[in-house]
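Asker: Before anything else, here's the structure in question.
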Amino acid sequence: MVTDAEREQRAATLRGLLYLACPDAPAAAITATAAAIAEQAEETPSAAVPQAAQLNRPKRPAGTDRLNLSGADLRGASLSGADLRGADLRCADLRGAELTEASLAGANLCGACLDRATLTQADLTQADLTRANLAHAALTRGKLSGADLTAANLTRAALHDADLAEAKLYGADLAEADLTGAFIGSLNLINTNLTRVKLYGADLHGADLRGADLRGADLKLVNLRRAALIGARLNGVHLHDAHLSGADLSGADLSGAELGRADLSDANLTGAELDLADLTGTTLRGARLTAVSGMRLPVGATWDSETRWPLYLASLVVEESDQVAPGVYRVRGDQSRNRSVVGV
């Protein structure tokens, strides 16, 4: 005897097959035909189900006839340019599928498997990708603005130049993902796993990265102006020439971070860990560095009267600096001096 669960699984499989065979058929016809065939699971069909005749009818406008492909097996399917706007693709298997320039705006992909799928320039605006598996997926220049990627798996995903404006990434796993040149904006990335992620030149202006794990990440030239990085793990990150003006890095772990020529003007680093961090040539005008630990003399750094130094370093900085403009100073010195930790 076929159980209801087995019948539904059969219907899901049939919906996928019918869509691949008849992509221009009305969505309701695909659903009805698959359900009718699935109902005869225990019988040998003697004729085509009547619902199949509806597959030849004209397709209704997008948005009025939502496609149901929930649970469908679409592994390796060729769906380049497919119109899947608003489609129900919950828990669908799209592993290795070709979805270049596909339109998936507003689609429900909750729990879908898109491992190694190609979604180059695909439109996923406002799509629901909650708990979706996008590991190794190609999302270069993808449109993901407003998409819900809560708890999604994006490990090693390629997101070059992708638009993630207003996307939800709370609890998402972006370990080793490549977001070079991506637009992220004021996103909520609290407690997100971003270990070894590539964000070269990405725009994270105003992003909320409190408690995020960015260990080993490449953040060269990244825009983190006014970003919240309170308590973030930034051990060993590459932040050369990064824009961090006005950022809140209080309590962050920047041990071993490479911050050469980074702009930290007006940034808050109160209580941050800077052991072995390289701050050569950084801009520290107006920066708050009180209670930081492990900070070395920042050779070549510029600062002003608004800069707040840790007590153990303040007098030495003054002694080792020259005025380069009215009220602006630069730390002189050599690399051998810079390698010595001054104070604890």
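The values are calculated or read from the model by the stated rules, or taken from the named source; none is laboratory data. These numbers were taken from a predicted model, which means no experiment stands behind them. When we count neighbours, we look across all protein chains shown, and the Cβ atoms used for this are built from the backbone with ideal geometry, even at glycine.
Asker: Can you say whether THR280 is over 27 Å from SER186 (Cβ atoms), in a loop (DSSP other than H, G, I, E, B) and of a type in the set (S, T, N, Q), as far as the supplied structure shows? Quick ask: steps written out before the conclusion?
Answerer: On the way: over 27 Å from SER186 (Cβ atoms): yes; in a loop (DSSP other than H, G, I, E, B): yes; of a type in the set (S, T, N, Q): yes.
Yes: the conditions hold for THR280.
Asker: If you scan region 287-329, which residues turn out to be farther than 14 Å from LEU254 by Cβ, part of a strand (DSSP E or B) and either polar (S, T, N, Q) or touching a residue at least 40 places away in the same chain (Cβ under 8 Å) (or both)?
Answerer: Hits for region 287-329 are THR302, SER321, GLN323, VAL328.
Asker: Please enumerate the residues belonging to region 320-344 that are at pLDDT 95 or above and either in contact with a Pro (Cβ under 7 Å, 6 or more places away or on another chain) or of a type in the set (D, E, K, R) (or both).
Answerer: Matches in region 320-344: GLU320, ASP322, ARG330, VAL331.
Asker: Can I ask one more? Checking the conditions here, which among THR120, THR155 is at pLDDT 95 or above, surrounded by fewer than 22 Cβ atoms within 10 Å (Cβ to Cβ) and in contact with a Gly (Cβ under 8 Å, 6 or more places away or on another chain)?
Answerer: Details: THR155 fails: in contact with a Gly (Cβ under 8 Å, 6 or more places away or on another chain).
That would be THR120, the only listed residue that is at pLDDT 95 or above, surrounded by fewer than 22 Cβ atoms within 10 Å (Cβ to Cβ) and in contact with a Gly (Cβ under 8 Å, 6 or more places away or on another chain).
Asker: Restricting attention to region 243-257, and to residues there that are more than 19 Å from ALA202 (Cβ to Cβ) and of a type outside the set (D, E, K, R), which single residue is surrounded by the most Cβ atoms within 10 Å (Cβ to Cβ)? Even if it seems obvious, please write down each step before you answer.
Answerer: Residues of region 243-257 that are more than 19 Å from ALA202 (Cβ to Cβ), as a first pass: 250-251, 253, 255-256.
From what's left, of a type outside the set (D, E, K, R): 250-251, 255-256.
Values: SER250: 20, GLY251: 18, SER255: 18, GLY256: 18.
Here the answer is SER250.
Asker: Of everything in region 120-154 that's closer than 15 Å to CYS110 by Cα and of a type in the set (Gly, Ala, Ser), which residue is farthest from the chain's Cα centre (by Cα)? I'd like the intermediate steps shown before the answer.
Answerer: We begin by selecting, within region 120-154, every residue closer than 15 Å to CYS110 by Cα; these are 124-135, 144, 146-154.
So of that shortlist, the ones also of a type in the set (Gly, Ala, Ser) come out as 127, 132, 135, 146-147, 151-152.
Numbers: ALA127: 14, ALA132: 13, ALA135: 12, GLY146: 12, ALA147: 11, ALA151: 11, ALA152: 9 Å.
Taking the candidates together, the pick is ALA127.
Asker: Still on this structure, please answer the following. Please go through region 197-213 and pick out each residue that is of a type in the set (Gly, Ala, Ser) and either buried (at least 19 other Cβ atoms within 10 Å of the Cβ) or touching a Pro at 6+ places or on another chain (Cβ under 9 Å) (or both). Before the answer, list the steps.
Answerer: To start, the set of residues in region 197-213 that are of a type in the set (Gly, Ala, Ser) comprises 201-202, 206-207, 211-212.
If the condition is that a residue be of a type in the set (Gly, Ala, Ser) and either buried (at least 19 other Cβ atoms within 10 Å of the Cβ) or touching a Pro at 6+ places or on another chain (Cβ under 9 Å) (or both), then ALA202, ALA207, ALA212 are the ones that fit.
Asker: Further, regarding this structure: Going by the structure shown, is GLY216 modelled with pLDDT under 95, in a loop (DSSP other than H, G, I, E, B) and either out of contact with any Pro (no Cβ under 8 Å at 6 or more places or on another chain) or farther than 24 Å from LEU164 by Cα (or both)?
Answerer: Details: modelled with pLDDT under 95: yes; in a loop (DSSP other than H, G, I, E, B): yes; either out of contact with any Pro (no Cβ under 8 Å at 6 or more places or on another chain) or farther than 24 Å from LEU164 by Cα (or both): yes.
The answer is yes for GLY216.
Asker: Looking at this structure, is LEU18 crowded, with 20+ Cβ neighbours inside 10 Å, of a type outside the set (Phe, Trp, Tyr) and more than 21 Å from ALA135 (Cβ to Cβ)? First the steps, then the outcome.
Answerer: Numbers: crowded, with 20+ Cβ neighbours inside 10 Å: yes; of a type outside the set (Phe, Trp, Tyr): yes; more than 21 Å from ALA135 (Cβ to Cβ): yes.
Yes: the conditions hold for LEU18.
Asker: A further question follows. Could we say that THR180 is over 10 Å from the mean Cα position of the chain (by Cα), surrounded by 20 or more Cβ atoms within 10 Å (Cβ to Cβ), outside any strand (DSSP E or B) and not aromatic (Phe, Trp, Tyr) here?
Answerer: On the way: over 10 Å from the mean Cα position of the chain (by Cα): yes; surrounded by 20 or more Cβ atoms within 10 Å (Cβ to Cβ): yes; outside any strand (DSSP E or B): yes; not aromatic (Phe, Trp, Tyr): yes.
Yes; evaluated as a whole, the condition is true for this residue.
Residue-by-condition table, conditions (1) buried (at least 22 other Cβ atoms within 10 Å of the Cβ); (2) over 26 Å from ARG210 (Cβ atoms):
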| position | (1), (2) |
| --- | --- |
| ASP241 | no, no |
| ALA262 | yes, no |
| ASP275 | no, no |
| LEU284 | yes, no |
| MET295 | yes, no |
| ASP304 | no, yes |
| ALA314 | no, yes |
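Asker: Which of the following residues is over 15 Å from LEU67 (Cα atoms), in contact (Cβ under 8 Å) with a residue 12 or more places away in the chain, among the β-branched types (Val, Ile, Thr) and in contact with a Phe, Trp or Tyr (Cβ under 8 Å, 6 or more places away or on another chain): THR140, THR150, THR125, THR155?
Answerer: Details: THR140 fails: in contact with a Phe, Trp or Tyr (Cβ under 8 Å, 6 or more places away or on another chain); THR125 fails: in contact with a Phe, Trp or Tyr (Cβ under 8 Å, 6 or more places away or on another chain); THR155 fails: in contact with a Phe, Trp or Tyr (Cβ under 8 Å, 6 or more places away or on another chain).
Selected residue: THR150, the only one of THR140, THR150, THR125, THR155 that is over 15 Å from LEU67 (Cα atoms), in contact (Cβ under 8 Å) with a residue 12 or more places away in the chain, among the β-branched types (Val, Ile, Thr) and in contact with a Phe, Trp or Tyr (Cβ under 8 Å, 6 or more places away or on another chain).
Asker: Among the residues of region 212-229, which ones are within 18 Å of THR195 (Cβ to Cβ) and hydrophobic (A, V, I, L, M, F, W, C)?
Answerer: To start, the set of residues in region 212-229 that are within 18 Å of THR195 (Cβ to Cβ) comprises 212-220, 222, 224, 227, 229.
Within region 212-229, ALA212, LEU214, ALA217, LEU219, VAL222, LEU224, ALA227, LEU229 qualify.
Asker: Could you list, ordered by first residue, the pairs with Cβ atoms under 9 Å in which the first is in region 79-101 and on the phi > 0 side of the Ramachandran plot and the second is in a strand (DSSP E or B) and buried (at least 18 other Cβ atoms within 10 Å of the Cβ), at least 6 apart or interchain?
Answerer: Partner pairs satisfying both residue conditions: GLY81/SER103; GLY86/ASN108; CYS91/CYS113; GLY96/THR118; GLU101/ASP123.
Asker: Turning to a different aspect of this structure: Between a first residue in region 64-76 that is within 10 Å of ALA92 (Cβ to Cβ) and a second residue that is of a type in the set (Val, Ile, Thr) and surrounded by fewer than 19 Cβ atoms within 10 Å (Cβ to Cβ), which pairs have beta carbons less than 6 Å apart while being 6 or more apart in sequence or on different chains?
Answerer: From region 64-76, the pairs are ASP73/THR13.
Asker: Another question, then. Given the criteria among the small types (Gly, Ala, Ser) and within 25 Å of PHE183 (Cα to Cα), does ALA147 qualify?
Answerer: On the way: among the small types (Gly, Ala, Ser): yes; within 25 Å of PHE183 (Cα to Cα): yes.
Yes.
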